[in-house]
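Shown next, in structure tokens, is the structure this report addresses.
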Protein chains: 2
Amino acid sequence: MASLSETHDALTKRLTDTGLRATPQREVVFKVILEKRDHPTADEIFARVKAQMPTISLATVYNCLETLVQNGLVRQVNFDRAPTRYCPNLHEHAHFHDETTGAVHDIDVPAEVMVKLRELLPHGYDACAIELSFRGAAGVRRNFAQN
Amino acid sequence: MASLSETHDALTKRLTDTGLRATPQREVVFKVILEKRDHPTADEIFARVKAQMPTISLATVYNCLETLVQNGLVRQVNFDRAPTRYCPNLHEHAHFHDETTGAVHDIDVPAEVMVKLRELLPHGYDACAIELSFRGAAGVRRNFAQN
DNA sequence: CAGTTTGTTTAGAATTATTCTAATTCCTTC
DNA sequence: GAAGGAATTAGAATAATTCTAAACAAACTG
């Protein structure tokens with residue numbers, strides 16, 4: 001996995017390329033999302049960021065998240081009407097929402113499956129985004145590491 | 001397609017089976033969703049229902065929608081943070097959200113594709129629901145009937 | 001049937017995630 | 001170091017939805 005300083009550079013580059021600034025607020029919001037990849041909500045991100053930067057405001061967190069999303073540095077994930085969650089995994093993937101624990105897990109989707117899905121669309125339909133999500137229970141307890 | 005009176009009977013049966021009542025409000029909300037299958041929001045349903053039953057309240061529309069959903073008579077569809085939409089198509093299917101017109105189209109998903117999707121889940125993950133949605137533009141204008 | 005219970009509707013208040021507003025602060029560049 | 005644009009901030013505003021408590025309606029019960 002890319003180191004934090006690498007991703008930090010990526011942030012700076014991606015932002016300055018679009019004429020935006022790599023502010024401390026944007027950096028810390030990004031860092032927090034990379035650090036604990038548990039698909040936090042804006043509120044949770046706010047709480048974590050506040051620990052390092054007590055003066056930041058919730059509005060700023062929302063602003064930062066918006067710029068990060070617009071610049072393709074994090075991804076937004078929505079489940080039903082629940083608060084939006086944020087995900088640093090930029091590879092094509094689906095999400096599994098564990099209803100019993102509330103946890104969200106990334107699910108790998110092979111490119112060929114994505115192609116298959118795209119083929120479901122009638123002629124003339126052009127999808128710029130495909131969202132696939134599962135809801136259920138990750139019931140079985142295993143002995144080896146969990147994600 | 002099932003006639004309206006058939007589906008009306010289905011509504012009555014499904015509700016009374018769970019000890020609920022087939023009230024005029026529930027009936028008209030259900031009818032409105034079946035009549036124009038354009039994935040309306042609660043607000044839109046409220047407006048349409050009001051034309052036939054001017055005294056109904058928005059809260060009741062929400063209540064009715066909740067019971068209809070809980071009893072498997074209509075399906076809820078969410079796109080990002082947009083208002084929830086309601087869909088009378090109970091077959092397994094995906095949705096295409098046309099960003100230019102705001103329209104929502106049903107997309108057929110063959111059973112074998114659903115099986116493939118379910119196979120993406122690691123052992124121990126049990127999905128009770130799979131949501132697949134496309135976002136984009138249905139750009140090509142065609143001469144024949146559109147859905 | 002009269003009375004009670006249970007389920008349903010209703011209007012309006014409350015909630016909650018998010019966005020907006022307007023003022024202030026911060027960089028960057030002349 | 002002043003000007004101008006970008007970003008942050010606190011708090012107000014918004015919008016979809018849910019909650020609350022009262023009124024209503026239908027269904028049981030004796």
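Worth pointing out:
- Filtering the stretch A:19-64 to residues that are surrounded by 17 or more Cβ atoms within 10 Å (Cβ to Cβ) and aromatic (Phe, Trp, Tyr) leaves A:30, A:46.
- Within the stretch B:83-93, the only residue that satisfies the criterion of being without any contact (Cβ under 8 Å) to a residue 40 or more places away in the chain and within 11 Å of another protein chain (Cβ to nearest Cβ) is B:93.
- Residue pairs meeting the criteria (Cβ under 6 Å; at least 6 apart or on separate chains; first at negative phi, in the stretch A:108-133; second loosely packed, with under 13 Cβ neighbours inside 10 Å): A:126/B:139
- In the stretch A:14-52, the residue that is nearest to residue A:71 (Cα to Cα) out of those that are among the basic types (Lys, Arg) and touching a residue at least 12 places away in the same chain (Cβ under 8 Å) is A:14.
Yes/no matrix, rows are residues, columns are (1) touching a helix residue (DSSP H, G or I) at 6+ places or on another chain (Cβ under 9 Å); (2) not assigned by TED's automatic domain parsing to the domain that holds residue A:126:
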site	(1), (2)
A:11	yes, yes
A:27	yes, yes
A:32	yes, yes
A:38	yes, yes
A:57	yes, yes
A:74	yes, yes
A:108	no, no
A:113	yes, no
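- Options B:96, B:79: the member that is in contact with a Phe, Trp or Tyr (Cβ under 7 Å, 6 or more places away or on another chain), within 9 Å of chain A (Cβ to nearest Cβ) and at pLDDT 95 or above: B:96
- Selection from the stretch A:1-11 of residues that are open to solvent by less than 60 Å² (accessible area, probe 1.4 Å) and without any contact (Cβ under 8 Å) to a residue 12 or more places away in the chain: A:2, A:3
- Test: residue in the stretch A:55-71 that is under 16 Å from the mean Cα position of the chain (by Cα) and facing another protein chain (nearest Cβ under 8 Å): no
The values are calculated or read from the model by the stated rules, or taken from the named source; none is laboratory data. It should be emphasised that the depicted structure is a prediction, and the values quoted were computed from it without experimental measurement. When we count neighbours, we look across all protein chains shown, and the Cβ atoms used for this are built from the backbone with ideal geometry, even at glycine. Protein only, heavy atoms only, side chains kept; ligands, DNA and RNA dropped before computing areas. Shrake-Rupley method; radii C 1.70, N 1.55, O 1.52, S 1.80 Å.
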